[in-house]
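The values are calculated or read from the model by the stated rules, or taken from the named source; none is laboratory data. Only a predicted model underlies this, so the values are computations on that prediction, with no experimental measurement involved. All Cβ positions, even for glycine, are placed from backbone atoms using ideal geometry, and neighbour counts span all protein chains on display. For accessibility, only protein heavy atoms count, side chains too; no ligands or nucleic acids. Shrake-Rupley method; radii C 1.70, N 1.55, O 1.52, S 1.80 Å.
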Amino acid sequence: GLIVKYDGPSSFDVLENDDIATWVEGSEAAYMTILVLLTMFTMFAIKFASSKIKFCAKIPTALGGVVVATIFEWAIVRGAINSQTNTVGDIAEVTGSPPVPVWADNEFNMPRLDGKTFNKVLPTAITITIVGLVESLMTVRFVASRTKTFANARQEAVVLGIGNLIAGIFGGQGGCSEIGLTIINLESGGSNRVSGVTSALCTMIIIFAAYPVINLIPIAGLVGIMFVICFYTFDWGSLLILVASALPTSVREKLSFLPKTKINRVDVVIIIVVTIVTPFTDLAIAVVIGCFIAMVGFAWESADRLRVTTTMEQEGGQAVKVYEVFGSVYYASIENFLKNFNVDRDPDVVEIRMASADLCDYSAIKAVNGLGDDYKIANKTLRLRRLKQGSMKMVYEGHRLFTSFHDVPSVMLEGTMATK
C-alpha cells in the first residue's frame with residue numbers, strides 16, 4: 001500500500017531536459033490537488049452509496065472517479081477558469097496504431113545481440129524480473145485470500161515470462177500482475193479470471209478505438225485512484241499489530257487498545273526495513289534486503305528449535321543409549337546439536353535416531369562424522385538410524401566424508417549406519 005502511495009506524488013513533477021524533475025507549482029498544483037481529492041471523494045461516495053442504492057453498485061468506482069475528474073478538468077479548469085493540468089495526452093499520448101515487431105519497425109534502431117548489449121540490458125532485466133515476480137506473487141496471494149480460491153504460483157510466473165517476451169518483441173514495456181488494477185477489478189465485482197481477460201480485451205478495444213477519449217483524462221484523476229487503491233490495499237490493523245509485537249508482554253498487557261495478536265519480531269523488522277528502503281532505492285533491492293533478514297532470522301530461530309532427548313534401552317543384555325533428534329541440523333544449530341553428547345560417560349553402544357530431524361548441509365555431515373571420530377577414539381560404537389529420505393541422500397552422496405563409518409552406501413540403503 002505504501003509503495004503505491006510513493007508512486008503517486010511523482011505525477012506532480014515534470015521532466016525537463018529528459019532527466020531533471022521539477023515540481024508543479026502555483027495554480028496548476030492547486031487544481032491537480034483538487035482533482036485528486038475530487039476523484040477520491042467520488043470513489044468513496046460510490047462505494048458508500050452502493051450499499052444503499054442498487055444502481056450505484058453497478059458503477060465501477062474507478063470509472064466514476066475518472067469521469068468526474070475529466071468533466072471537472074474540461075468544464076471547470078479549462079472551460080470556466082481558462083487554466084489546465086496535465087492529461088494523458090500531454091504526458092504520453094495514446095495512439096490507435098497497431099504494434100509491429102521491433103525488427104520490422106523503422107522507429108527502432110535495434111543493436112547487435114552481442115555481449116556488450118547483454119551487459120547493458122542484464123542489470124535492468126534482473127531488477128525488473130525481481131520486482132515483477134514479487135508483485136505478481138503478492139497479487140496472486142492477495143486475490144486467493146480475497147476470493148477463497150487456489151492459484152498456481154509457478155504457472156503465474158511462467159505465463160508472466162511468456163507475456164513479457166511477446167510484449168518485448170512488439171516494443172512494449174515489461175509488466176506484471178499489478179496489485180492496484182487487481183483491487184479495482186475486485187472492488188468492481190470481478191471474481192475470477194474472466195474479469196481479467198475482459199479487462200484486457202476492453203483495454204485493447206479502447207486503445208484502438210477510443211484513444212482520443214483516453215488522452216483527455218487528467219493525470220491527477222489517475223493519482224486520486226492510486227491513493228484510493230493505497231487506502232484499500234493497506235492493512236490498517238497491521239499498524240497496531242506491529243506496535244504490539246515490538247513491545248514486551250508486560251507493557252502490551254497494560255495497553256488495552258492493542259490487539260492480542262502478535263507476529264514474530266523478525267517479521268516486524270522486515271516489514272519496517274522494506275517499507276523504508278523501497279522509496280529510496282527500488283522494490284528489488286528492498287526485497288533482497290528483506291530476504292536476507294528473513295534468512296538470518298530463520299537460521300537464528302531454527303537453531304533454538306533443535307531438541308535432543310535421551311533414553312536407555314536394553315539390546316541383548318547390553319545397555320544402549322538412544323539420542324532422539326528433533327529439528328534441523330545445519331550450520332547454525334551444530335553447537336546446540338553437539339552439546340547434548342557426552343562421549344566419556346556414554347555406554348559402549350550409542351544410537352542416534354533422526355526420524356524427526358533433517359541433515360541439511362555440509363556442516364551437519366561434518367558434525368555427525370566428528371561424533372563418529374570421537375566415539376571411535378573412545379572405542380565405542382555409534383549407530384545412525386531412522387534417517388529421512390532426504391538425510392539418507394545427503395549421507396549417501398557425502399559418504400566419503402564419513403571416515404569413521406564403514407560401508408556407508410550399502411548400509412544407507414537399509415537406513416542404518418554403524419561404526420566402532
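Candidate membrane-span-like segments in the chain, meaning DSSP H helices with Cα atoms spread over at least 20 Å of their own axis and a Kyte-Doolittle mean of 1.6 or above, are 193-209, 219-233, 265-280, with no membrane implied.
Here the range 167-218 yields Rg over Rh of 1.01, to two decimals, using C-alpha coordinates and the Kirkwood radius.
Of the accessible area of the chain, computed with a 1.4 Å probe over protein heavy atoms only, carbon and sulfur atoms account for 63 percent.
Sequence-distant contacts, meaning Cα pairs under 8 Å at least 6 residues apart, place the relative contact order of the range 271-386 at 22 percent. Under 5 Å from the amide H of residue 356 lie the amide H atoms of 325, each residue being 5 or more positions distant or on a separate chain, with H modelled from the backbone and absent for Pro and chain starts.
Once every DSSP H run of n ≥ 4 in the chain is given -39500 (n - 2.57) and the sum is divided by its residues, what mean residue ellipticity at 222 nm do you get, rounded to the nearest 500 deg cm²/dmol?
The helix-only estimate for the chain comes to -17500 deg cm²/dmol at 222 nm.
Counting only GluC sites (Glu not before Pro) that DSSP places in a loop and that have at most 14 other Cβ atoms within 10 Å, the longest clean stretch of the chain runs over 108-413. When mean projected area of the Cα convex hull in nm² is calculated for this entry, the matching label among (i) 32.1; (ii) 52.9; (iii) 50.1 is (i). Overall shape: prolate for the range 55-118, with the ratio a/c of the largest to smallest alpha carbon gyration tensor axis at 1.5 or above and a/b above b/c.
Which whole-number value in Å² is the accessible area per residue of the range 74-117, probe 1.4 Å?
74
For the chain, the relative contact order comes to 14 percent (Cα pairs under 8 Å, sequence separation of at least 6).
Which of rounded, prolate or oblate describes the range 297-375 when judged by the alpha-carbon gyration tensor and an a/c cut-off of 1.5? Since a/c reaches 1.5 and a/b is larger than b/c, the shape of the range 297-375 is classed as prolate. Loop-resident chymotrypsin sites (Phe, Trp or Tyr not before Pro) (DSSP state other than H, G, I, E or B) in the range 124-222 with no more than 15 further Cβ atoms inside 10 Å of their Cβ: 150, 170.
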